[in-house]
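Each remark here refers to the structure printed beneath this line.
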Amino acid sequence: YDDTNLYLAYRVADDSPFVNAGGDFPLLFKTGDAVDMMLNTDVNADAKREKSGAGDLRLLFAPLNGKPVAVVYQKVAAGGPAAPFKFTSPTGTEDYERVAIVENAQVAVKREADGYVLEAAVPLSSIGWLPASGKEYSIDFGVLYSDAGGARTVLRSYWANKNTSITGDIPTESRIEPKYLGRVVVK
């Protein structure tokens, strides 16, 4: 990160690189390939809490209509105007105060024979985060893998969260679970 942006880079091994047939941006985590970052921006939040809330966000990067986009999911709309969304199934509902495309994010993807590289610059102001050097934050990094045609997500793999076997329930797959995030110190 620097004074204005959060920078992310992913190198992903994938037989069908960066394919996502979804046309509904809030649901791109259900419809194919994507990369993911979950973060709690509040250094005072209980890292072991069950429910997400203020400070919790998710950044999902996926192709939408032929171009890569960044989608932000916030339980509490801290980084921009409210854009409420409910993820519902027979198992329950997950409410977000903000689910939106980060219009000023810069996302570049290079497809390769055996995968892809994604690089992104996301303005800190668009996600409501001011990283503090020396502070510890809860975070996780993930990759969502599609079927061969990019029609649905068939595997979720994360650095810290190993509780990711469910790929058939929208609220569960939308959920930010603080207790499963890893911890990093910002330098």
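Overview of values
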item	result
Tabulated pairs, region 72-91, first within 16 Å of Leu27 (Cβ to Cβ), second open to solvent by 30 Å² or more (accessible area, probe 1.4 Å), C-beta under 6 angstrom, 6+ apart or interchain	Pro84/Glu97; Lys86/Thr93; Lys86/Asp95; Phe87/Ile170; Ser89/Ile170
Strands (runs of 3 or more DSSP E) wholly inside region 107-169 containing at least 2 residues that are under 18 Å from Val72 (Cα atoms) and not charged (D, E, K, R)	115-123, 136-146
Residue ID - least open to solvent (accessible area, probe 1.4 Å), chosen from residues in region 31-51 that are under 19 Å from Val102 (Cβ atoms) and in a loop (DSSP other than H, G, I, E, B)	Asp33
Qualifying residue in region 74-81 (condition: assigned to a strand (DSSP E or B), under 15 Å from Glu173 (Cα atoms) and either open to solvent by less than 60 Å² (accessible area, probe 1.4 Å) or out of contact with any Asp or Glu (no Cβ under 6 Å at 6 or more places or on another chain) (or both))	yes
Selection status of Glu103, open to solvent by 80 Å² or more (accessible area, probe 1.4 Å), without any contact (Cβ under 8 Å) to a residue 24 or more places away in the chain and assigned to a loop (DSSP other than H, G, I, E, B)	yes
Qualifying residue in region 21-28 (condition: surrounded by fewer than 22 Cβ atoms within 10 Å (Cβ to Cβ), in contact with a helix residue (DSSP H, G or I) (Cβ under 9 Å, 6 or more places away or on another chain), not in a loop (DSSP other than H, G, I, E, B) and not basic (Lys, Arg))	yes
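The values are calculated or read from the model by the stated rules, or taken from the named source; none is laboratory data. Note that the coordinates shown come from a computational prediction; the quantities given were computed from them, not determined experimentally. Backbone-built Cβ (ideal geometry, glycine too); neighbour counts: all protein chains shown. In case anyone asks, the SASA skips ligands and DNA or RNA and just uses the protein heavy atoms, side chains included. Shrake-Rupley method; radii C 1.70, N 1.55, O 1.52, S 1.80 Å.
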